[in-house]
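Step one of this worksheet: look at the structure below.
The values are calculated or read from the model by the stated rules, or taken from the named source; none is laboratory data. Worth saying up front: this structure is predicted, and the values here are computed from it rather than measured. Ideal geometry is used to build each Cβ from the backbone, glycine not excepted, and the neighbour counts take in all protein chains shown. Accessible surface areas use protein heavy atoms only, side chains included; no ligands, DNA or RNA. Shrake-Rupley method; radii C 1.70, N 1.55, O 1.52, S 1.80 Å.
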Amino acid sequence: MSVFRTSGRLVLLAVAVCAFAACDKNEAEAPQPPTASGPQLVSAPPPRDALPNCPHLASALGGLVDGLEAVDDAGTRQDTPESYGISCAWRAPDDGAAIGAIVIVDNEPLTAHDMQRAGMYVEDPRVAALGGFVAIPDALLDGNAPLGPVGPQVIVGPVTVTLASNGRGRAAEITLDQAIDGAVAVHRSMR
């Protein structure tokens with residue numbers, strides 16, 4: 001059951017990012033990964049009414065979204081009996097770049113065991129320092145690979161943060177390592 005929830009999240013984020021993509025391709029300088037700050041270990045997740053908004057997420061993501069326009073500062077909220085969360089997207093009209101971020105808080109969190117059984121579990125020291133792990137299809141994490149519409153999920157307890165891009169314009173230069181750094185920065189910013 002958890003694997004289906006995971007796949008659904010990835011599809012939701014991919015659709016959100018692709019919906020805001022433009023058709024132009026342009027080369028741009030690679031954005032700098034955000035710097036990590038905050039506590040090493042993550043505490044309790046934010047309650048529904050305290051989830052970050054898109055400007056807060058953009059601040060945590062730093063260089064990954066600098067120069068991009070928020071599609072909607074309020075983002076898209078989800079609230080179901082199983083989970084609640086927010087998704088935000090940023091785009092660059094000049095080069096067609098689009099980047100999305102989603103934060104989900106699960107009542108029944110995905111576990112390392114779930115992801116190991118699904119073949120999606122990856123240990124990463126940046127995430128392990130927070131008490132979490134990375135989930136990515138086929139458990140293949142090449143940090144230098146470009147971030148696409150299916151990004152790594154950074155799961156810490158009940159909170160999952162995922163970034164994705166449409167691979168156009170300056171978004172084509174974002175790597176999976178930068179996406180993980182960004183997701184770790186978002187986790188830290190909520191604590």
Is there any pair linking a residue in region 47-71 that is of a type in the set (Asp, Glu) to one that is open to solvent by 70 Å² or more (accessible area, probe 1.4 Å), with Cβ under 9 Å and at least six apart or on different chains, and which? 66/32; 69/91; 69/93
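Tally up the residues in region 103-155 that are at positive phi and either open to solvent by 50 Å² or more (accessible area, probe 1.4 Å) or touching a residue at least 60 places away in the same chain (Cβ under 8 Å) (or both), please. Lay out the reasoning, then the answer.
We begin by selecting, within region 103-155, every residue at positive phi; these are 119, 131, 138-139.
Remaining after also requiring either open to solvent by 50 Å² or more (accessible area, probe 1.4 Å) or touching a residue at least 60 places away in the same chain (Cβ under 8 Å) (or both): 131, 138.
So the count comes out to 2.
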Selection from region 88-98 of residues over 19 Å from residue 188 (Cβ atoms), buried (at least 18 other Cβ atoms within 10 Å of the Cβ) and not small (Gly, Ala, Ser) yields 90, 91, 95
Would you please name the residue that is modelled with the lowest pLDDT, looking only at residues in region 145-158 that are of a type in the set (A, V, I, L, M) and under 11 Å from the mean Cα position of the chain (by Cα)? 150
Across region 145-179, what is the total count of residues that are touching a Lys or Arg at 6+ places or on another chain (Cβ under 6 Å) and under 17 Å from residue 87 (Cα atoms)? 0
Restricting to region 56-73, give me the number of residues that are open to solvent by less than 60 Å² (accessible area, probe 1.4 Å) and outside any strand (DSSP E or B). 10
Which of the residues that make up region 121-138 are over 23 Å from residue 86 (Cβ atoms) and either hydrophobic (A, V, I, L, M, F, W, C) or touching a strand residue (DSSP E or B) at 6+ places or on another chain (Cβ under 9 Å) (or both)? 121, 122, 123, 124, 128, 129
Looking only at region 74-83, filter to residues that are open to solvent by 90 Å² or more (accessible area, probe 1.4 Å) and in a loop (DSSP other than H, G, I, E, B); which one of those is farthest from residue 178 (Cα to Cα)? 81
Answer yes or no: is there a residue in region 160-178 that is free of Cβ contacts under 8 Å to residues at least 40 places away in the same chain, farther than 16 Å from residue 106 by Cβ, surrounded by 23 or more Cβ atoms within 10 Å (Cβ to Cβ) and touching a strand residue (DSSP E or B) at 6+ places or on another chain (Cβ under 7 Å). no
